[in-house]
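Down below is the structure, laid out as structure tokens.
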Amino acid sequence: MLRKSIFQRIESLFEAAMARLGHSFIDFWGAMQQRYRRVYALVALRLRYAFFPLLALGALGWLAWDWQHERQLASAEDAIFDQIIGFRPWEPKPSRKVVVVEIDECSIQYMREQGAGGWPWSRQLHADLIDALDRAGVRAVGFDVQFADASAQDPLGDTTLDAIAEGGAGRFVFGTTRLHPDYDPGSPLHASQAPSSYPLVAHPRNDPPVALLLPYGKAMAKNSALLNVARGRDGVLRDVPLHEQMGDWALASMPLRLATGGNANAMAAFPDSVRIDWRTRSKLPFVSAADLLTGRPICRPPSEPLPALSGRTVLVGYTAAGLNDAKPTPAGLMPGVEVHAEATEALLAGSAIWLPPAWVKYALAALLLLLTTFAFFRGEPAYEIDDVFVATNLVLLVAAFVGLTAFRVFFDIFAAIGFVSLYFGLCRLYAAVQRGRAIGNNDFRKQFDPARDRVLAFARVRFVPDPHVNPRGLERRLREYRRRLRRYVHGGIDAVMLDGVVERKSWLWEAMEDVTVLIWSAPDRATAAAAAERELDGLHAHLIAHDDVLPDDGSVHVAILFSETGGPDKDSFKDFFEVRAKVRGTLGRLLAERTEWPLSARNTLSSR
């Protein structure tokens, strides 16, 4: 029993200490808040509702600037795209129309052991590789290997490789590199003469020179296409370019040339780039070059068969460490040959991701900004609008996630919605400052002082619907009336609005929904009455001004009572409770008051 008593005393001391500490912290924090909140209230009192159009102009200006310059909104969408690619529950399986022949470490080591030398391989070995693929019945072959110069050690191999290119009738495509544009003026080659070029207009005239690093052989150069790719601003490769425009001409990329067979009309039908449906768990079919050249399982397990090659499009390139031109993609580092293979797969299998035009996200953000601005400019929206806003955003985000996962459609609106959410939050914060001052929060306006504010004027403002309004339409009329009332009071009047006394969406709230109490404080009755008259007249003018736009089908009735709170000669502690009792009593009489009159353009209170 003694031990329990000691524990109780310790617990009591701890509770008391925490209560004192909590009270002191709340007082300190309240004083800190009051310092900057009153500054916000002064700003809100000056700007009033002009804040929302000004904020909208700033946000729209940033969107326009971002569209013309950095496009950070698009960069944010790219980062979100990468995350969705990694988190989606399933991803598409390869169509098996495209196969990668990789020159890997195993193949290089095997050829070295066979006396064929290390890397680079002889041209004859590459010719043998194409011959093996041709005998396997492939549809086309693309080489992600540069053959820029003839080989002094293997001239016969050079001739053989170029002869195979000639005999392939366009089925074997070799890599070309676009040099820096600074080299264009000195190039003898014009865009119309470049391999795999095609016109972009019916009657092309603009035919500028273009600098290309072509394969050494005439037939190889004729049957070549661009290997250049472009990374995003963050260094990640997401979209593979399908051509490079030069004047009225376009130079096709390797994937576009392989997918279309070099048909100019077919190539012209494709967009500028393709967004690959990047896979992280299921890869394209791969086969080691050594396995293909020997026809035996050199690099693969003996039980694993070669992937089917007949009728397939094959990309050949190196993946060996030290040779690999790995590129950062949403699926991680990926060899260049695999990137080109994935782009070819996207074109042949129709598995490319569809994205709306880049301007759509900016247009959507601008539209939502304008709607948000309009909603707050009309007066602080009901708090249900927050739920609607969040629910709408969630639906859009889920639709974007499902669209990418299941339908290869990516509505890149995530960053736009995030930007609008930030904008909505700023509007709500400003409206909260307006509301805080309107309801008499001491953080936003001078604290009530009975020694100074000796008289309080209480006005009950009640909405009375017209007799013809049916119960179903009454809720809409009440909502519209309260919105107009909030806009007037939040705009910066002297009265304090008594609102939110009871929980919303309860029977008690519904019973009080048509009633609002406005309170004015002043040193004497005449000053309080004058302030109340002035602002009730203003309320009448404000409500009447909006009837032509959206009538509320009702009238407003007012009841008024005055209460004296005391003076400076009273004991402050005792006065504190007396003032509270008087305020409660006056409010009770006001709510029960039967004498009221319609709100009019001129409300005279001195005789009441």
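The values are calculated or read from the model by the stated rules, or taken from the named source; none is laboratory data. All values reported here derive from a predicted model rather than from experimental measurement. Quick reminder, even Gly has a Cβ in these numbers, built from the backbone with ideal geometry, and neighbours come from all protein chains shown. Only protein heavy atoms, including side chains, enter the accessible area calculation; ligands, DNA and RNA are left aside. Shrake-Rupley method; radii C 1.70, N 1.55, O 1.52, S 1.80 Å.
The figures follow:
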item	result
Checklist (1) open to solvent by 10 Å² or more (accessible area, probe 1.4 Å); (2) within 23 Å of Arg257 (Cα to Cα); (3) touching an Asp or Glu at 6+ places or on another chain (Cβ under 6 Å) applied to Arg96, failing item	(3)
Conditions (1) in contact (Cβ under 8 Å) with a residue 60 or more places away in the chain; (2) of a type outside the set (A, V, I, L, M); (3) open to solvent by 50 Å² or more (accessible area, probe 1.4 Å): number failed by Gly232	(3)
Residue check for Gly554: farther than 30 Å from Glu384 by Cβ and either at pLDDT 80 or above or of a type outside the set (Val, Ile, Thr) (or both)	no
Failed item, numbered, when Gly350 is tested on (1) under 30 Å from Phe174 (Cβ atoms); (2) in contact with a Phe, Trp or Tyr (Cβ under 7 Å, 6 or more places away or on another chain)	(2)
Ser151 at negative phi and in a loop (DSSP other than H, G, I, E, B)	yes
Positions within the range 10-61 being more than 30 Å from Arg445 (Cα to Cα) and open to solvent by less than 80 Å² (accessible area, probe 1.4 Å), in sequence order	Ser12, Ala16, Ala17, Leu60, Gly61
Test for Ala343: is it within 29 Å of the chain's Cα centre (by Cα) and at pLDDT 90 or above	yes
Selected residue (criterion: surrounded by the fewest Cβ atoms within 10 Å (Cβ to Cβ)) from residues of the range 374-413 that are part of a helix (DSSP H, G or I), within 15 Å of the chain's Cα centre (by Cα) and among the aromatic types (Phe, Trp, Tyr)	Phe401
Counted residues, the range 113-122 - those being small (Gly, Ala, Ser) and either on the phi < 0 side of the Ramachandran plot or assigned to a helix (DSSP H, G or I) (or both)	3
Near pairs, Cβ below 6 angstrom, 6+ apart or cross-chain, from the range 172-199 (of a type in the set (Gly, Ala, Ser)) to any residue that is outside any strand (DSSP E or B) and open to solvent by 40 Å² or more (accessible area, probe 1.4 Å)	Gly175/Gln146; Ala191/Asp207; Ser192/Asp207
Residue match in the range 194-213 (condition: of a type in the set (Val, Ile, Thr) and loosely packed, with under 15 Cβ neighbours inside 10 Å)	yes
Test set (1) modelled with pLDDT of 90 or more; (2) assigned to a helix (DSSP H, G or I) - Gly157 fails condition number	(1)
Test: residue in the range 227-245 that is over 23 Å from Thr313 (Cα atoms) and not in a loop (DSSP other than H, G, I, E, B)	yes
Residue in the range 154-193 that is surrounded by the most Cβ atoms within 10 Å (Cβ to Cβ), counting only those that are among the aliphatic types (A, V, I, L, M) and in contact with an Asp or Glu (Cβ under 8 Å, 6 or more places away or on another chain)	Ala191
Every pair of residues 6+ apart whose Cβ atoms lie under 7 Å, when the first sits in the range 406-433 and is of a type in the set (Asp, Glu) while the second is buried (at least 16 other Cβ atoms within 10 Å of the Cβ)	Asp412/Glu77; Asp412/Phe81; Asp412/Leu355; Asp412/Lys361
Counted residues, the range 317-328 - those being in contact (Cβ under 8 Å) with a residue 12 or more places away in the chain and either over 21 Å from Pro241 (Cα atoms) or buried (at least 23 other Cβ atoms within 10 Å of the Cβ) (or both)	6
Selection count, the range 126-139, where residues are in a loop (DSSP other than H, G, I, E, B) and small (Gly, Ala, Ser)	2
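Results for (1) at pLDDT 80 or above; (2) under 24 Å from Phe389 (Cβ atoms); (3) open to solvent by 50 Å² or more (accessible area, probe 1.4 Å), shown as yes or no for each residue.
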position	(1), (2), (3)
Gln434	yes, yes, no
Ala438	yes, yes, no
Asp449	no, no, yes
Val469	no, no, no
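Rundown of residues vs (1) modelled with pLDDT under 90; (2) not in a strand (DSSP E or B), yes/no style:
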residue	(1), (2)
Leu63	no, yes
Asp78	yes, yes
Asp82	yes, yes
Pro92	yes, yes
Glu102	no, no
Cys106	no, yes
Gln124	no, yes
Val141	no, no
